[in-house]
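Since the structure comes first, as structure tokens, the remarks are kept for the end.
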Amino acid sequence: MVAVENPLAVREYEVRLSPAGVVPLRLAVGMPSPAPPDVVCEYEITGTGRPAKARRVYGVDGIQALLLALMAANAELERIARDLGGVVFWLGGTGIGLPDANAFPTAPVPVDST
């Protein structure tokens, strides 16, 4: 797969290594697009020293595809940091600022409209 072209959003991160060192990372997320019968959303993380490779995530609609792509990127950023022996920083603090798959229910939650 080629890199994400014309990303919907881009975010810069850094992995801070102990005792010193920083690895800059860049997350690019593409626009959800039809992939009948589903919708696909691509993302890529660059700066790891590996060739850019877009990852595809599928959902039943564009919002689900986008959320699932952000959750997958969150998990991948954490894995990259762990593999490097560091911690991900964004805007000068720890934390990735993306949805965490562990924080979401696996099924729709009923909403009381009364």
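The values are calculated or read from the model by the stated rules, or taken from the named source; none is laboratory data. From a predicted model like this one, the values you see are computed outputs, not experimental measurements. Reconstructed Cβ throughout: ideal geometry from the backbone, glycine too, with neighbour counts over all protein chains shown.
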On the given criteria, is residue 9 small (Gly, Ala, Ser), more than 15 Å from residue 85 (Cα to Cα) and at pLDDT below 95?
no
Subset of the range 63-74, residues surrounded by 17 or more Cβ atoms within 10 Å (Cβ to Cβ) and of a type in the set (A, V, I, L, M, F, W, C), comes to 65, 66, 67, 68, 69, 70, 71, 72, 73
By residue number, the members of the range 12-65 that are closer than 23 Å to residue 80 by Cα, part of a loop (DSSP other than H, G, I, E, B) and at pLDDT 95 or above are 30
Residues in the range 1-33 that are under 20 Å from residue 67 (Cβ atoms), in contact with a Pro (Cβ under 8 Å, 6 or more places away or on another chain) and not hydrophobic (A, V, I, L, M, F, W, C) total 2
Of the residues in the range 75-98, those that are in contact (Cβ under 8 Å) with a residue 24 or more places away in the chain, surrounded by fewer than 17 Cβ atoms within 10 Å (Cβ to Cβ) and among the β-branched types (Val, Ile, Thr) come to 87
Residue 25 vs (1) over 21 Å from residue 98 (Cα atoms); (2) aliphatic (A, V, I, L, M); (3) touching a residue at least 40 places away in the same chain (Cβ under 8 Å): all pass except (1)
Among 10, 23, 60, the single one that is surrounded by 15 or more Cβ atoms within 10 Å (Cβ to Cβ) and of a type in the set (A, V, I, L, M, F, W, C) is 23
Of those in the range 76-112 that are part of a loop (DSSP other than H, G, I, E, B) and within 18 Å of the chain's Cα centre (by Cα), the residue modelled with the lowest pLDDT is 104
